Amino acid sequence: MKILLDSAREADARQAKALGWVDGITTNPILMAQAGLPPADTLHRLADVGLAPLWYQLTAKDPDTMEHEAQALLNLFFQPVVLKIAPTPAGFQFVARKDHTCAVTAVYSSAQALAACAAGADYVIVYVNRATRLMGDGFSLVHDIARVLEGTGTHILAASIKSADEAAGAVAAGAHMLTLPLNVLLSMTRHPFSDQAVEQFDREGTGLGKLAAG
Ligand code: G3P
């Protein structure tokens, strides 16, 4: 299980990197815009943080210009990258060239997932919360896609996750990996009853660490 940060903000990336259990960062064109800097500056800052691989979504529209954009990215970011590809006819053509590690993003059907698999995509990205809002049940979409991709080399990254419970539900439905905004990442380690238990250990318990603290 790998958990990634879904953000293009340097400050978020630094916090996620410090956690020690976050395995990369996903961006998309909206997140890049929200970072508020020219794209190359944002990418330089993220490279400086070193939370890799970077999953970067190509914005060019045809396979040849997509390749130019990919090369521009690789010239800026000297760490592993995964190219996120929008599910357009040109996007599937680009994936089928098999020149890069690719994730077909914004997948809303099992048929798209199968086409991505046939094109040689390493990952499909399923927008769980958006699918629930738009289609009724994002978990059943993940479940259906997991069934059709079973035994293939194409894995499911669940995205558009708004809570810790939704993150766990996406994995229970068959997602192999998660990408989460910072607030959801941070909330995953907490539970009110765990906090109560920790308070009780501190109040009533003892141990070497407690003795050392005086
Ligand atoms: O990478 C962004 C993806 O996770 C979609 O999230 O919040 O726009 O539905 P959201």
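Laboratory data are not the source of any read-out in this text; all were calculated from the coordinates shown. Since we're looking at a predicted model, the values are computed, not measured. Using ideal geometry, Cβ is built from the backbone for each residue, glycine included, and neighbour counts are taken over all protein chains shown.
Report, in degrees rounded to the nearest 10, the 0 to 90 angle that the Cα long axis of helix 110-119 makes with the longest principal axis of the chain. That works out to roughly 70 degrees.
Whole angstrom only: what separates the Cα centroid of region 65-138 from the Cα centroid of region 171-214? Answer, in whole Å: 34.
Above 16 Å lies some portion of the pair distances; for region 154-202, what is it as a whole percent of all C-alpha pairs? Present the calculation step by step, with values, prior to reporting the outcome.
Details: 546 of 1176 pairs.
Considering region 154-202, 46 percent of its Cα-Cα pairs are separated by more than 16 Å.
From its DSSP helices (H runs of at least four residues, each -39,500 (n - 2.57)), the chain gives a residue-normalised ellipticity at 222 nm of -15000 deg cm²/dmol. Relative contact order for the chain: 16 percent, from Cα pairs under 8 Å spaced at least 6 residues apart, divided by residue count.
Give, in nm to one decimal, the length gained when the segment between A212 and Q93 is fully stretched (0.36 nm per residue of separation minus the Cα-Cα distance). Walk me through the intermediate numbers first.
Values: separation 119, 0.36 × 119 = 42.84 nm, distance 6.19 nm.
Contour length minus Cα-Cα distance gives 36.6 nm.
Fully extending the segment from H143 to A118 would add 7.1 nm, taking 0.36 nm per residue of separation and subtracting the current Cα-Cα distance. Considering every alpha-carbon pair of the chain, the percent of pairs per 5 Å bin, from zero through the bin containing the longest distance, is 1, 7, 14, 17, 18, 15, 11, 6, 3, 4, 2, 1, 1, 0. Compared with the dominant Cα axis of the chain, that is its longest principal axis, helix 192-204 is turned about 30°. Take every pair of alpha-carbon atoms less than 8 Å apart whose residues are at least six positions apart; their mean separation over the length of region 45-156 yields a relative contact order of 20 percent. Considering region 31-74 at the alpha-carbon level, its Rg and Dmax are found to be 11.1, 31 Å. Computed from the Cβ-Cβ distance with R0 of 41 Å, the FRET efficiency linking A33 to Q196 stands at 0.50. Relative to the longest principal axis of the Cα atoms of the chain, the long axis of helix 138-149 lies at roughly 60 degrees.
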